[in-house]
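The structure appears below as structure tokens.
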Amino acid sequence: KELFFKILSKFLKFFPENIQEKIKKVSRDILTGLGTISNLKYFLQTTFLTFIVWLLAALLIYILYPSSGINLTFYTSFIVLFVLSVGIAIPGAPGYIGNWQYACIFALSLFSIDKVDALAFSLVYYAIALISVIIIGMFCFPFIGLKYSDLKRILKDNSR
């Protein structure tokens, strides 16, 4: 870890101090995250689950293609998913609104899909993804000890 930061510091010396600190902080965070999966069993489980999540997300994209008049292969859905993942990683509005649509339109334009069809696809995909996360989150409330009455109280307190 120390060797990594010594080498990184040499590369960063050309950048302003505030940029250096931001890059070092992100690097520390990444190394900390990687450290949590140093156990081979957890690493393999995490890798397997990540693969399943990507496979299901790509399958959803593929299933949604026809709803927007798009006729592409299953493999293209992985490219769309990858571009979308990069697009929503860029800081933007809450809920990835805007970034999500732009990334989908850009990804689908790589396959000569009309922007109107790509926008329609992005809106349908966004709605399904957002609603899914909300529903799954609501089902997880009991597992984290949260009650719906607590949520109601929190929302009421935040509206003031």
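Remarks
- For Lys10, the lysines whose Cα falls under 16 Å of its own Cα, not counting residues fewer than eight places away in the same chain, are Lys1, Lys22, Lys24, Lys25.
- Rg followed by Dmax, in Å, when the chain is reduced to its Cα trace: 20.4, 54
- Solvent-accessible heavy-atom area per residue, rounded to whole Å², over the chain at 1.4 Å: 74
- Spherically averaged projected area of region 1-78 from its Cα convex hull (nm²): 8.4
- Arg28-Ser159 pseudo-label distance in nm [points 7 Å out on the Cα-to-Cβ vector]: 4.1
- For the pair region 19-53 / region 110-152, the C-alpha centres are spaced 25 Å from each other.
- Förster-model FRET efficiency, 22 Å R0, Ile19 and Ala93, C-beta, rounded to 0.05: 0.35
- With the charge dipole of the chain set up from +1 on Lys and Arg Cβ and -1 on Asp and Glu Cβ about the Cα centre, the Cα lying farthest toward the positive end among the listed residues Trp54, Pro142, Leu130 is that of Pro142.
- Surface composition of the chain: carbon plus sulfur atoms hold 72% of the accessible area, using a 1.4 angstrom probe and ignoring ligands, DNA and RNA.
The values are calculated or read from the model by the stated rules, or taken from the named source; none is laboratory data. Keep in mind that what you see is a predicted model, and the values were worked out from it rather than measured. Methodologically, a virtual Cβ is constructed for each residue, glycine included, from the backbone with ideal geometry; neighbour enumeration extends over all protein chains shown. SASA here: full protein model, heavy atoms, side chains in, ligands and nucleic acids out. Shrake-Rupley method; radii C 1.70, N 1.55, O 1.52, S 1.80 Å.
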